[in-house]
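Structure record follows, encoded as structure tokens.
The values are calculated or read from the model by the stated rules, or taken from the named source; none is laboratory data. What you see is a predicted model; the values in this text were computed from it and never measured. Note that we place each Cβ from the backbone using ideal geometry, even for glycine, and neighbour counts take in every protein chain shown. These area figures cover heavy atoms from the full protein model, side chains too; ligands, DNA and RNA do not enter into them. Shrake-Rupley method; radii C 1.70, N 1.55, O 1.52, S 1.80 Å.
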Amino acid sequence: MKFHADCLHFLGHIPCKPHKDQGFHCENCPAYTPIDKKILVSLVEHGAAIGTPVIIFDSPVDTDTFTAQVATDNYEGGRMAARRLGEVLGKKGKIVEVAVQPGSASTMLREDGFEAELKQGSPDIKLVDKQFGMADFAKSLKVAENMLTAVPDLDGMFASNGILFNHESERRGETFVTRKISLAVANIVLGRQD
């Protein structure tokens, strides 16, 4: 098996290509960043069945047959956001939520953690609306604008994902933690590192 460490650079780095509703993966190596937790199950299980090591990045998949997963604790990340918003708002007020898309496992966990912590730690903060931007910048912006217009006396907004200047980009250098992790995983799989 030929393994391309460069393909583990996450989204957009040639020869990795986006696949509709499947996330991003490279035809030359078994490294995946799934968008939906169910879509890639058969592909991951097939890889395991034929003895190909499969690495999952960030979003979970509804199977445990992969070799490794590199991810953050998205549920806890959502809880942390709710705690901080609770502090800023004095544990009371009205907020809205811009969610990503149904089925997007990592952001669903972030949203679930946010909502659970909000109910537990700041029950006087009311989530008055939650809408999906469908993982599209323009749609997410429109959803946010619509909620701000519909509820002009909002105290806050939670967005479970964001597009940042260096977020999961092929421009991300080797000094960024996700790049360091992806290179280390590639080197481990290639037997170059313990």
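Observations on the structure shown:
- The trypsin sites (Lys or Arg not before Pro) found in the stretch 44-100 that occupy coil by DSSP, while having at most 16 further C-beta atoms within 10 Å, are Lys91.
- Among Pro123, Val151, Ala135 - extreme Cα towards positive end, dipole of the stretch 103-159, charges at beta-carbon: Ala135
- When the pairs Lys94/Lys142; Lys37/Lys119; Lys91/Lys130; Lys38/Lys119 are compared against a 23 Å limit on Cα-Cα distance, Lys37/Lys119; Lys38/Lys119 fall above it.
- In this calculation the C-beta distance from His46 to Glu87 is compared with R0 = 45 Å, giving a FRET efficiency of 0.45.
- As a fraction of the 1.4 Å probe accessible area of the stretch 120-161, surface on carbon and sulfur atoms comes out at 55 percent.
- In order through the stretch 88-100: 3J(HN,Hα) via Karplus (6.51 cos²θ - 1.76 cosθ + 1.60), integer Hz, x for Gly, Pro: 4, 8, x, 6, 8, x, 10, 9, 10, 10, 9, 8, 7
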